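Please read the structure below before turning to the comments.
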Amino acid sequence: MKHTDIKRLFAEPESFVGTSPVICGWVRTARDSKNVSFLEVNDGSCFRSLQLVIDKEKMDESVYRDAMAVGASLTATGTIVASDRNGIEMNVETLTVLGKCPSDYPLQKKRHTLEYLRTIPHLRVRARYFEAVFAVRDQLAQSIHQYFHKNGYRYVHPPIITGSDCEGAGEMFRVTTLPWNATAESEAEYYANDFFGRKAGLTVSAQLEGEMAAMGLGRIYTFGPTFRAENSNTTRHVAEFWHVEPEVCFCDIHDIIEIAEDFIKYIVKDVMDNCPEEMEFFNQWVEKGVIDKLNKMLSNDFVKLDYTDAIEILKKAAEAGKDFKYPVEWGCDLQTEHEKYLTDEHFGRPVFVVNYPAAIKSFYMKQNPDGKTVAATDLLVPGIGEIIGCSEREADYDKLVAAMTARNMPLENYEAYLDTRKYGSVPHSGFGLGFERVLMYITGVQNIRDVLMYPRTVGSM
Ligand code: 4AD
């Protein structure tokens with residue numbers, strides 16, 4: 001159907017005044033008065049809706065009756081006129097209803113709770129809130145690609161089905177074509193009968209393949225779906241999320257921290273520049289002050305804090321009466337409440353916690369000379385907590401094998417990975433950014449289920 005996007009009309013309103021374009025869209029609101037009817041029509045091309053004005057004396061009611069229903073779809077032509085309130089509006093000349101919308105349409109009301117909208121993911125995308133979320137989500141993805149492209153990274157596409165568990169946390173979903181009642185004499189025989197002739201699962205991280213690619217391409221990134229079968233029913237965890245994973249050769253932990261900060265600032269600024277109306281919406285309705293928060297973040301350095309110092313700060317806070325549910329001791333993993341204290345209360349800005357104890361981190365991280373810690377960092381941001389997991393990788397073959405052996409990892413599954421340390425190993429570093437987490441930080445949306453089209457969480461699909 002030939003028609004003009006509403007976005008184009010609002011982009012150059014003066015040039016459309018007096019013309020009669022064809023527009024299409026869905027009715028957002030319908031108002032009736034004695035002589036005229038008003039329809040707010042949105043076509044998804046931009047955040048704004050176009051007001052259609054129907055002169056009831058000039059148009060038979062049978063033509064527009066079905067259009068006076070929220071959710072109905074239509075196409076219309078008419079003269080574009082200037083309007084004080086809306087910038088422009090259309091005085092309708094012809095109108096055709098494409099799809100009627102009966103009164104049981106679930107989005108009748110102007111406002112619904114987010115909990116209710118989660119029960120209708122196939123329809124909630126038509127609500128203003130989600131229109132804004134998905135516009136920013138799209139822009140954020142574009143900004144991420146742009147950053148890497150401008151900085152000489154190759155975009156590589158690792159497999160989603162894999163045999164290696166990168167994080168070694170046993171959180172892989174299995175991929176199988178065996179029937180539910182398949183039996184076998186042993187585990188080995190069971191998997192030998194499966195599609196790949198061995199145990200397979202969905203990737204928890206593309207890092208290992210990313211490292212292999214970087215060893216030839218120098219600087220790469222991956223950006224794809226990642227799956228975790230972790231039983232975490234929180235507002236920040238889903239079983240399927242999008243993961244951005246750059247890997248950089250000839251780069252140590254300090255270099256990668258600099259890159260991560262530059263990257264976050266670039267993508268946030270790019271989204272703010274390209275989605276001003278959506279950001280205004282979030283600022284007003286979702287997180288009051290989110291624009292100020294982001295501007296403040298852009299103009300300040302992120303804190304770089306040694307893990308050991310973080311523990312000291314938390315201990316002092318506990319001694320001064322801060323009521324943490326989980327006790328703090330050197331060696332413990334930081335809980336959400338600890339992360340929140342550091343970012344929201346103590347520093348009030350993003351914090352890189354650096355040099356975690358080796359025992360609580362993954363096998364691939366570079367072992368520090370102290371023998372206790374690894375060159376790893378998490379980036380924590382106010383309101384959300386961890387958005388990036390990052391490290392310099394252990395480049396020494398023997399040290400890497402020792403770390404894997406200590407974790408009882410089956411070395412035969414990682415031969416290809418170990419080859420990278422055998423043949424021309426180099427210092428290299430990388431990180432993983434949770435795409436939905438940074439989207440939450442930018443928009444102020446509080447629940448990760450509200451930044452995905454179809455959130456997958458434990459017990460719910
Ligand atoms: O810290 P993680 O587990 O790091 C890795 O997977 C590394 N292999 C990444 C790398 O160095 N290439 O995960 C990275 C990020 C987290 O900081 C978080 O933002 C996000 O992925 N994340 C999740 N997001 C939503 N739901 C979940 N269940 C997530 N688990 C991790």
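The values are calculated or read from the model by the stated rules, or taken from the named source; none is laboratory data. Remember, predicted model here, so these are calculated numbers, not experimental data. Positions of Cβ are generated from backbone atoms using ideal geometry, with glycine treated the same way; all protein chains shown enter the neighbour counts.
For this structure, a couple of remarks:
- Among (1) buried (at least 16 other Cβ atoms within 10 Å of the Cβ); (2) among the charged types (D, E, K, R); (3) over 14 Å from the mean Cα position of the chain (by Cα) - the single one ARG137 does not satisfy: (3)
- In the range 204-223, the residues that are of a type in the set (A, V, I, L, M), more than 9 Å from the ligand (Cβ to nearest atom) and not in a helix (DSSP H, G or I): ILE220
- Filtering ASN151, ASN181, ASN233 for residues that are within 25 Å of CYS275 (Cβ to Cβ) and polar (S, T, N, Q) leaves a single hit, ASN151.
- Selection status of ARG85, in the same structural domain as ASP66 (by TED's automatic domain parsing) and basic (Lys, Arg): yes
- Within the range 224-238, if we keep just the residues that are more than 8 Å from the ligand (Cβ to nearest atom) and within 17 Å of VAL451 (Cα to Cα), the residue that is surrounded by the most Cβ atoms within 10 Å (Cβ to Cβ) turns out to be PHE227.
- Restricting the range 314-335 to residues that are crowded, with 16+ Cβ neighbours inside 10 Å and in a helix (DSSP H, G or I), the residue that is nearest to the chain's Cα centre (by Cα) is LEU314.
- Tally, over the range 239-258, of residues that are in a helix (DSSP H, G or I), within 15 Å of the ligand (Cβ to nearest atom) and surrounded by fewer than 21 Cβ atoms within 10 Å (Cβ to Cβ): 1
- Any hit, the range 110-128, residues being surrounded by 19 or more Cβ atoms within 10 Å (Cβ to Cβ), outside any loop (DSSP other than H, G, I, E, B) and not small (Gly, Ala, Ser): yes
- Residues that are more than 19 Å from the chain's Cα centre (by Cα) and β-branched (Val, Ile, Thr) were ranked within the range 260-313; the one that is farthest from ALA376 (Cα to Cα) is ILE313.
- In the range 374-461, counting only helices (runs of 4 or more DSSP H) that sit wholly within it, the ones holding 1 or more residues that are within 16 Å of the ligand (Cβ to nearest atom) and within 21 Å of VAL353 (Cα to Cα) span 435-443.
- Some residue of the range 340-347 being of a type in the set (Lys, Arg), surrounded by fewer than 21 Cβ atoms within 10 Å (Cβ to Cβ), in contact (Cβ under 8 Å) with a residue 12 or more places away in the chain and not in a helix (DSSP H, G or I): no
- Some residue of the range 128-142 being of a type in the set (A, V, I, L, M), over 30 Å from ASN283 (Cβ atoms) and touching a helix residue (DSSP H, G or I) at 6+ places or on another chain (Cβ under 8 Å): no
- Scanning the range 361-373 for residues that are within 24 Å of LYS340 (Cβ to Cβ) and within 12 Å of the ligand (Cβ to nearest atom) yields a count of 2.
- Within the set VAL353, VAL303, the sole residue that is more than 13 Å from the ligand (Cβ to nearest atom) and assigned by TED's automatic domain parsing to the domain that holds ARG421 turns out to be VAL303.
- Selection within the range 165-192 - at pLDDT below 95 and within 16 Å of the ligand (Cβ to nearest atom): ASP165, CYS166, GLU167, GLY168, ALA169, GLY170, GLU171, MET172
- ASP301 passes every criterion in (1) in a helix (DSSP H, G or I); (2) of a type outside the set (S, T, N, Q); (3) surrounded by fewer than 19 Cβ atoms within 10 Å (Cβ to Cβ) apart from (1).
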